[in-house]
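Have a look at the structure below, then the notes.
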Amino acid sequence: MKIRQYLNVAVLLVLTVFTVFSIYGAFLGAEQAKVFFNSRSMIVFWCFLLLLFGVGFFVYASLRKRFSLLMIHAGCVLVLTGGMIGSQRGHALLDRLLQKDSFVKGTMLLHQGQSSNQAALDTDTGIGELPFTIGLKEAFIEYYDKPAIRFYFSDATDSGFTIPAEVGKEIELPDDRGTLQVTGAYQNFKMRRVNGRMMPYEAVESGFNPAYELVLVLAGKPPETFFVFERFGMHAMPGRSYRADYAAPRMVKDYKSTLQVIDKEQVVKESTIEVNKPLYYGGYHFYQSTFAYDTSGPVSGISVSSSRGVWAVFVGYGIIFIGLVLQFWPTLLKGGTQ
């Protein structure tokens, strides 16, 4: 009886401390809270809490007799165990026991067409290695609005004309002046001499120079081809009576990256990730975290998080929910029949 009384006091004290720590951690911020809850003193607290769960199974007979209470109890143990396994220190301890080399969280920066198995760790300046390779097949931005090309006549007083930046789009110019059509699009525009003429082509080597090819047909004049670049404005040319500029979309909808998992020199999985839609493979989740452009093209920042212990936490919460339903459902049914 005294053991149960002492245990009741210990449980009440631990729950009080846990509540205080939770409130305190909520005001620390994400990074400081992470350090606090993984500190040595907190590790002792988590281990003591887990010990109480174990002792309670033998001390409280109701846990062994009522299946619903047993499920709630077991679910709490799973949640706590999963959280401890998934922590930084839990990773390190389990790696030593299993003779593995893993990491909790890191970041990968990949250019389009690049692949790597290394991630910069969040905890220090070290590098973590994945047991497989991640390749960035494509990185792109989705917009609510669409890119366009603004076209102006130098002798006009109006604000110009807009044509969607899509191959095949064509507009009729007012006053029967002619037509304007988008005839080509390039991601890495370059030119080379062919039969004495400079011809555009899509360069396969490293680089990023998006451009559009347009054909202007004015009444009584031969078709004229010119180019509009996303990153550079159009230069004024002698004898040219018009100008065109790229109008970039402004309302970003989403940043996306199409990743390939390369395991044993074979692509075993391909998926397009978003900020809240990760790729899962080999015990790791891969999230879209940053997006930028440089001279080589789009650069995708991929956040890598270990899933070790996560499934134990999810299963634990599921068991707790089922246990609560089994525990309180008969009471709810009785209340509804009155």
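None of the figures in this text is laboratory data; all of them are computed from the coordinates on show. These numbers come from a predicted model, not from an experiment. Using ideal geometry, Cβ is built from the backbone for each residue, glycine included, and neighbour counts are taken over all protein chains shown.
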Query raised in the report: If the cut-off is a Cα-Cα distance under 16 Å, which lysines reach Lys256, setting aside same-chain residues fewer than 8 apart in sequence?
Result: Lys137, Lys277
Query - Gaussian network model of the chain, Cα within-10 Å springs - most flexible of Arg308, Arg177, Arg231 - result: Arg177
Requested in this report: Multiply the residue gap between Phe27 and Glu265 by 0.36 nm, knock off their C-alpha separation, and tell me the result in nm, one decimal place.
Outcome: 81.0 nm
Query raised in the report: What Kirkwood radius, in Å to one decimal, follows from the Cα pairs of the chain?
Result: 25.9 Å
**Report entry** Peptides ranked, highest mean first, by Cβ atoms within 10 Å: ranges 29-39, 314-324
**Finding:** 314-324, 29-39
Report task. Taking a cut-off of 12 Å between Cα atoms, list the aspartates and glutamates near Lys105, but don't count ones fewer than 8 places away on the same chain. Result -> Asp122, Asp124, Glu129
**Report entry** Most fluctuating residue given options Phe27, Phe208, Phe48, as computed from a GNM of the chain linking Cα atoms under 10 Å
**Finding:** Phe27
Report task. Taking the Cα atoms of the stretch 146-247, report the difference between the largest and smallest coordinate on each principal axis, in whole Å and largest first. Result -> 43, 34, 25
Report task. Find the relative contact order for the stretch 153-225 and round it to a whole percent, using C-alpha pairs within less than 8 Å whose residues are 6+ positions apart. Result -> 27 percent
Report summary line: A correct Stokes-Einstein calculation for the stretch 75-173, using the alpha-carbon Kirkwood radius, 20 °C and 1.002 mPa s, returns a whole-number D in µm² s⁻¹ of 113 µm²/s
**Report entry** Ordering of 220-227, 186-193, 102-109 by burial proxy (mean other Cβ atoms within 10 Å per residue, highest first)
**Finding:** 102-109, 186-193, 220-227
Query raised in the report: Taking Cα atoms, how many degrees apart are the long axis of helix 2-26 and the longest axis of the chain, rounded to 10 and kept between 0 and 90?
Result: 20 degrees
Requested in this report: Take the Cα gyration tensor of the stretch 1-45, multiply each eigenvalue by 5, square-root it, and list the three semi-axes largest first, rounded to whole angstrom.
Outcome: 28, 11, 4
